[in-house]
Each structure stands twice: as structure tokens, then as C-alpha cells.
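Asks: Quick one: structure below, then a few questions.
Nothing in this text is a laboratory measurement; each read-out follows from the coordinates by a stated rule. Only a predicted model underlies this, so the values are computations on that prediction, with no experimental measurement involved. FYI the Cβ positions are ideal-geometry reconstructions off the backbone, even for glycines, and counts take in every protein chain you see.
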Amino acid sequence: MHVDVSAPVRRAKVSFPVPPDVQPLMCYPATKVHMTFHNPVDALLRLLLLSPLAADPRNLSFTHEEGPLADYCNGDRMKRVQAALPPGAFALTGIIFFDECNRDEKGFDTGDGGIVVAGFLRKKARESTHAKQSFATFPKVAFPEANKYADNVKRFQLALRQHRIRAIYKCFEHFNRQGGAVVRSFCWHFSYTLQFLIAITVMYLLIAITMLHLLSAII
């Protein structure tokens, strides 16, 4: 499991078609917009397994809480999520937000930066930079100032943003369809490791018993 988690983060690649009536309005006409981003589920798993914040159990919150510790991550919303899960299961939650970021030193080239925050950490711990990870920078499609506010351009920009969000959401859907494969593989390895240790212990006990029998026969 450690090898899987410490391996390079998986990348997702998606494309979105540019309508024919929008292409002539672009600074650099293209038929498709291509986007690449890191899998946010991998980022959440690394925040859980490798973050120094997650090493302290006092920072973790996987269930519904009430009182001063409750907030929008583990308050009433988490209560509804927990009620929908099978017994013994816990949700790996996260918050994703976007913010404009500069892609060059001068700020002429900007993009939408995607940040994932560990929702399974309590509020105070989430304020740390160790609770967050950047997983995407989506370059903006450039339009001349005169074309930026055309109705078809605004519809295209909105549809493009929704397509990005759906692509991110599919990463979580894929993980859920796997049934929490990383956690399951850990349990699988643990059970087989336990069986191996039991087998070794039994073998040593048999050897010890055989040696005792040999010694008693010699004496």
C-alpha cells in the first residue's frame, strides 16, 4: 500500500469541444480545449496517510460531531452522510475550491487553480497548509476584450467550467465504484500478514516440541 500511495499521482485528461460559432471569436482559434489535472482522490488519500496533521488522532474527524467541534464538514451534513453509509463505514470527505492564480511572474497569463482540502480534519487543523493540496491549474481560454461578453462566449465558458467539475466528480465516482480499494487492499494485506505470522509461530512451536521429544528420548 505504501508503494501505491507514494507513487506518482495519477493524472486525468479530458477535452471539451469548442462550438463553431465560438472558434472565430477566440484569440487562438481551436476546435477543442484540452485539460489535465491530478486525481483529487489520490491527493485526499495522501493527506490522510502521509500528512503530519493526520498523524495526530486529535485532528481527525470521520463521524458526526456536535458542540464546539461541529462545523460544515462534520456537523449536520456529516450526520446525513453517515446515515447513508453501511455500518462500520466512514466517508473520506474533502472540500474543493477554485481560485485565480498567475501562471507567469507578470500576471499576464492566469488560470483557475483547483485546491482540495481534507474534510476529515477538524477545523483548526484545516487552517494549516498541510491540510491542502493543489491538484489542478486550468488555463483560461483567451478571448479579445471585444468578444468576452458575447452571449455565446459566456455560454461556452459556463459549459466549460461545468465540464471540468463533472470530470473531477468522475474521479470520486470511480473510487466509490472500486469500493475503497486502497483501504480494502490494506485490510487484505493485513489479514494475509497475520495468517503468515500465525503460520510461522505454529511452525516454531512444532520445531520446539520436536526438539523436546528428541532431548527426552536421548536422556
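Asks: At 0.36 nm per residue, minus the direct Cα-Cα distance, what do Val9 and Asp99 gain on full extension? Give it in nm, one decimal, please.
Replies: Here the answer is 30.2 nm.
Asks: Name the shape class, rounded, prolate or oblate, that the alpha-carbon gyration tensor gives for the range 40-84, where a ≥ b ≥ c are the square roots of its eigenvalues, rounded holds for a/c under 1.5, and otherwise prolate holds if a/b is larger than b/c and oblate otherwise.
Replies: oblate
Asks: Taking a quarter of the surface of the convex hull around the Cα atoms of the range 2-179, what do you get in nm²?
Replies: That works out to 13.1 nm², a quarter of the Cα hull's surface.
Asks: In addition: Exceeding 30 Å between C-alpha atoms, which entries from my cross-link table qualify? They are Lys13/Lys132; Lys79/Lys132; Lys123/Lys154.
Replies: In this structure, Lys123/Lys154 lie more than 30 Å apart at Cα.
Asks: Using a Förster distance of 30 angstrom, determine the FRET efficiency expected from the C-beta separation of Ala91 and Lys32, and round it to 0.05.
Replies: 0.30
Asks: Hey, what do the phi angles of the range 90-102 turn into as Karplus ³J(HN,Hα) couplings, whole Hz, using 6.51/-1.76/1.60 and θ = phi - 60°, x for Gly and Pro?
Replies: With coefficients 6.51, -1.76 and 1.60, one gets 10, 7, 8, 9, x, 10, 10, 9, 10, 8, 6, 9, 7 Hz.
Asks: Now a separate question. Classify the range 87-161: rounded, prolate or oblate, from the alpha-carbon gyration tensor (a ≥ b ≥ c, eigenvalue square roots; a/c under 1.5 rounded; otherwise prolate if a/b is larger than b/c)?
Replies: Judged from the Cα gyration tensor, the range 87-161 comes out oblate (a/c at least 1.5, b/c at or above a/b).
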